[in-house]
Amino acid sequence: MDRREKGHAVRREVLGDAHVDRARAAATPEDAAFADLIETGAWGTVWASDAIPRRERSMLTLALLAATGNFEEIPMHVRACARTGATRSDVVEAFQHVAIYAGVPRANHALKLAKRVWAEEDGG
């Protein structure tokens, strides 16, 4: 299996079939190279590595997204925690690190986004 195929498989395992199917359906010829970069680089290289367990990789990803202010992908990665083994408590701990090292406003906003996802998951 090449890196792109591995990336596609890992992406499905982490984000779920519905998410990947929606993303692929929305793809255009203009963003094909970008989609390939994400699938081979992020998913086929970083997420495919066994050097860090997926639980911890989820926590790192969420902390980095929050710390850098890249909030748009936080809900997607919070939902992915159900498949990576990162608990709600793990996510809160990651955001506490963000509060100390990158700022309370970013951590607070990330936690607000996570709580929305959890409310949806809980049927609220």
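Here are the numbers for the structure shown:
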item	result
The chain: most fluctuating residue of L37, L111, L60 per GNM, C-alpha cutoff 10 Å	L37
Pairwise label distance in nanometres, A32 with D2, each label 7 Å out on the Cα-Cβ vector	1.4 nm
Quotient of Cα Rg and 2.2 N^0.38 Å for the range 53-124, N being how many residues it contains	0.97
Part-to-part distance (alpha-carbon centres) for the range 5-37 and the range 91-107, which is given in Å	29 Å
Measure of compaction for the chain (Cα Rg per 2.2 N^0.38 Å)	1.08
Set of the range 87-108 residues, backbone N closer than 17 Å to the point 7 Å along the Cα-Cβ line of A18	none
Estimated FRET transfer efficiency (E121, L64; beta-carbon r; R0 22 Å; 0.05)	0.45
Per-residue HN-Hα couplings for the range 48-59 [Karplus 6.51, -1.76, 1.60; θ = phi - 60°; Hz; x = Gly/Pro]	6, 5, 8, 5, 10, x, 4, 4, 5, 5, 4, 5
Shape of the range 1-51, Cα gyration tensor, a/c cut at 1.5	oblate
Average Cα contact separation per residue, the range 55-95, under 8 Å, 6 or more apart, as relative contact order %	56 percent
Angle between the chain longest axis and helix 104-121 axis [Cα atoms, degrees, rounded to 10]	70 degrees
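We did not get these values from a lab; they are worked out from the coordinates using the rules stated. Computed from a predicted model, the values in this text were never measured in an experiment. With ideal geometry, Cβ positions are generated from the backbone for all residues, glycine too; neighbour counts draw on all protein chains shown.
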